Amino acid sequence: MPTALAGLPQSVTIYEVGPRDGLQNERVTVPVEVKAEFIERLVACGLRTIETTSFVHPKWVPQLADADVLISGLRRTDGVRYPVLVPNERGLDRALELGVTDIAIFASATETFAQKNLNRTLDGQIAMFEPVLRRARAAGLTVRGYVSMCFGDPWEGDVPVGQVNRVGRQLLDLGCTELSLGDTIGVGTPGQVRELLRSFVAAGTPIGALAVHFHDTYGQALANTLAALQEGVTTVDSSAGGLGGCPYAESATGNLATEDLVWQLEGLGIDTGVDLTALVRTSVWMAQELGRSSPSKVVQALSE
Ligand code: HMG
Ligand code: MG
């Protein structure tokens, strides 16, 4: 029986990243028709925000080199948002050409990862994003900003909260309406989550503008999510079946599984609008397409 905990939000927006974060790191290249079916099935499961792909350099992320084909052929459902990642003006041009209305830029909190993931310095990434934001906002697009390596970096180790704040503030100042704080390599723990969220709020960022993006490498994603909900966060990123990772951070594994998130939220009496049975079926199907089983505990439990 659902049992509430005091102090949690009444509703939570699930920001599904499976088709993008999930598939960007798979060894097998998933055919574009399978990606389209994946997205349509996620919509049928009740998900209302689905990050579909990335308009990045196709050589940098070959798994998503079919982004233009996928987006131009996508059957859209009213009331569903289909954001895409865009790193630079070239990516924005591609997105605008195809009528995309929601984009996300992605910054690094650390110098090393900015270099490895974007081929830019910390300052250089902001210079690259500035015209993207200016033009995207003028065209009426919504722009989310990611900050990666918020809780630790494989090359630099611990990442000071002030450093994450600085990059996050820069993205908000450029005009991002939402900031997603990424634990790219899944090393964070709940006390750190609380500390980071409170530091943003103390600096004047409304909690409603903050989302969390946990990878589950060390099994902390659900605990970290609960800590974030207790701070008032109402947007949580997750990936169906726990797919995910980052090709430029080898130690990154799958995202928090959407099924695990839905199980927790429904158990807390927070309605998600997601049909869990249908979602598990979708993830089992996707896992078969990928030739490996889902790491999600809930998928495993409900599909046995
Ligand atoms: P670069 O090599 O510095 O690019 O890469 P450039 O600006 O020097 O341009 C070089 C050539 O690439 C040019 O072509 C451009 O037109 C072309 P040429 O004139 O030589 O023929 N080009 C492009 N072509 C297509 N689409 C584009 C594009 N941009 C340039 N958008 C770049 C810089 C940013 C492009 C590259 O580093 C890149 O694509 N990086 C993407 C890496 C990536 O996607 N990583 C995974 C996503 S981030 C993540 O997963 C973390 C997250 O989940 C949160 C978390 O977990 O923390 C979001
Ligand atoms: Mg990620």
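The values are calculated or read from the model by the stated rules, or taken from the named source; none is laboratory data. Given the structure is predicted, the values throughout are model-derived calculations rather than measurements. Note: ideal-geometry Cβ built from the backbone for every residue, glycine included; neighbour counts use all protein chains shown. Note: accessible area is taken over every heavy atom of the protein model, side chains too, but ligands, DNA and RNA are not part of it. Shrake-Rupley method; radii C 1.70, N 1.55, O 1.52, S 1.80 Å.
Yes or no: residue 150 open to solvent by less than 20 Å² (accessible area, probe 1.4 Å) and over 22 Å from residue 215 (Cα atoms)?
Judged against the criteria, residue 150 is not a match.
Here is a yes/no grid of residues against (1) touching a residue at least 40 places away in the same chain (Cβ under 8 Å); (2) open to solvent by less than 10 Å² (accessible area, probe 1.4 Å); (3) at positive phi:
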| site | (1), (2), (3) |
| --- | --- |
| 5 | yes, no, no |
| 17 | yes, yes, no |
| 39 | yes, yes, no |
| 74 | no, no, no |
| 79 | no, no, yes |
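Quick one: how many residues across segment 10-60 are modelled with pLDDT of 95 or more and more than 20 Å from the chain's Cα centre (by Cα)?
Residues in segment 10-60 being modelled with pLDDT of 95 or more and more than 20 Å from the chain's Cα centre (by Cα): 5 in total.
Under the condition of being of a type in the set (D, E, K, R) and away from ligand 2 (no atom under 14 Å from the Cβ), which residue from segment 211-264 is most open to solvent (accessible area, probe 1.4 Å)?
Within segment 211-264, the first condition is being of a type in the set (D, E, K, R), and the residues that meet it are 216, 231, 237, 250, 259-260.
Still in the list and also away from ligand 2 (no atom under 14 Å from the Cβ): 231, 259-260.
On the way: 231: 39, 259: 0, 260: 19 Å².
By that ranking, first place goes to 231.
Which of the residues spanning segment 79-90 are within 8 Å of ligand 1 (Cβ to nearest atom) and assigned to a loop (DSSP other than H, G, I, E, B)?
Within segment 79-90, 86, 87, 88 meet the criteria.
So in segment 97-118, with the set limited to residues that are over 20 Å from the mean Cα position of the chain (by Cα) and closer than 22 Å to residue 51 by Cβ, which one is surrounded by the most Cβ atoms within 10 Å (Cβ to Cβ)?
The extreme case among them is 98.
Taking into account only those residues within segment 125-145 that are open to solvent by less than 20 Å² (accessible area, probe 1.4 Å) and among the small types (Gly, Ala, Ser), which is nearest to residue 50 (Cα to Cα)?
Looking at residues that are open to solvent by less than 20 Å² (accessible area, probe 1.4 Å) and among the small types (Gly, Ala, Ser), I get 145.
Determine, yes or no, whether residue 49 is open to solvent by 60 Å² or more (accessible area, probe 1.4 Å) and among the hydroxyl-bearing types (Ser, Thr, Tyr).
On the way: open to solvent by 60 Å² or more (accessible area, probe 1.4 Å): no; among the hydroxyl-bearing types (Ser, Thr, Tyr): yes.
For residue 49, the condition - open to solvent by 60 Å² or more (accessible area, probe 1.4 Å) and among the hydroxyl-bearing types (Ser, Thr, Tyr) - is not met.
Check segment 84-96 and report whether any residue there is under 28 Å from residue 275 (Cα atoms), within 16 Å of ligand 2 (Cβ to nearest atom) and surrounded by 20 or more Cβ atoms within 10 Å (Cβ to Cβ).
Our first condition is that a residue be under 28 Å from residue 275 (Cα atoms); within segment 84-96, this holds for 84-85.
Next, from what is left, pick out any that are within 16 Å of ligand 2 (Cβ to nearest atom): 84-85.
Next, from what is left, pick out any that are surrounded by 20 or more Cβ atoms within 10 Å (Cβ to Cβ): 84-85.
Checked segment 84-96: at least one residue is under 28 Å from residue 275 (Cα atoms), within 16 Å of ligand 2 (Cβ to nearest atom) and surrounded by 20 or more Cβ atoms within 10 Å (Cβ to Cβ).
Checking residue 204 against (1) within 16 Å of ligand 1 (Cβ to nearest atom); (2) open to solvent by 10 Å² or more (accessible area, probe 1.4 Å); (3) outside any helix (DSSP H, G or I), which single condition isn't satisfied?
For residue 204, the failing item is (1).
Considering only residues that are of a type in the set (A, V, I, L, M) and more than 16 Å from ligand 1 (Cβ to nearest atom), which ones fall in segment 217-247?
222, 223, 226, 227, 229
Which helices (runs of 4 or more DSSP H) does segment 257-304 wholly contain that include 3 or more residues that are free of Cβ contacts under 8 Å to residues at least 40 places away in the same chain and under 22 Å from residue 49 (Cα atoms)?
Once the helices (runs of 4 or more DSSP H) in segment 257-304 are filtered for at least 3 residues that are free of Cβ contacts under 8 Å to residues at least 40 places away in the same chain and under 22 Å from residue 49 (Cα atoms), what remains is 276-290.
Only one residue in 188, 232 is in a loop (DSSP other than H, G, I, E, B), within 17 Å of the chain's Cα centre (by Cα) and in contact (Cβ under 8 Å) with a residue 12 or more places away in the chain, so which one is that?
Of the residues listed, the single one that is in a loop (DSSP other than H, G, I, E, B), within 17 Å of the chain's Cα centre (by Cα) and in contact (Cβ under 8 Å) with a residue 12 or more places away in the chain is 188.
Which of the following residues is more than 27 Å from residue 181 (Cβ to Cβ), open to solvent by 40 Å² or more (accessible area, probe 1.4 Å) and of a type in the set (A, V, I, L, M): 284, 280?
Unique residue meeting the criteria: 284.
Restricting to segment 91-119, name every residue that is under 30 Å from residue 153 (Cβ atoms), touching a residue at least 24 places away in the same chain (Cβ under 8 Å) and in a helix (DSSP H, G or I).
Answer for segment 91-119, where residues must be under 30 Å from residue 153 (Cβ atoms), touching a residue at least 24 places away in the same chain (Cβ under 8 Å) and in a helix (DSSP H, G or I): 91, 92, 94, 95, 111, 112, 113, 116, 117, 118.
Residues in segment 12-64 that are within 16 Å of ligand 2 (Cβ to nearest atom), assigned to a strand (DSSP E or B) and either touching a helix residue (DSSP H, G or I) at 6+ places or on another chain (Cβ under 6 Å) or not hydrophobic (A, V, I, L, M, F, W, C) (or both): how many?
Looking only at segment 12-64, we keep the residues that are within 16 Å of ligand 2 (Cβ to nearest atom), and these are 14-26, 49-54, 56, 60-61, 63-64.
Still in the running and assigned to a strand (DSSP E or B): 14-16, 49-50, 53-54.
Still in the running and either touching a helix residue (DSSP H, G or I) at 6+ places or on another chain (Cβ under 6 Å) or not hydrophobic (A, V, I, L, M, F, W, C) (or both): 15-16, 49-50, 53-54.
The qualifying residues number 6.
Just wondering, is there one or more residues in segment 149-157 that are under 30 Å from residue 271 (Cα atoms) and not in a loop (DSSP other than H, G, I, E, B)?
no
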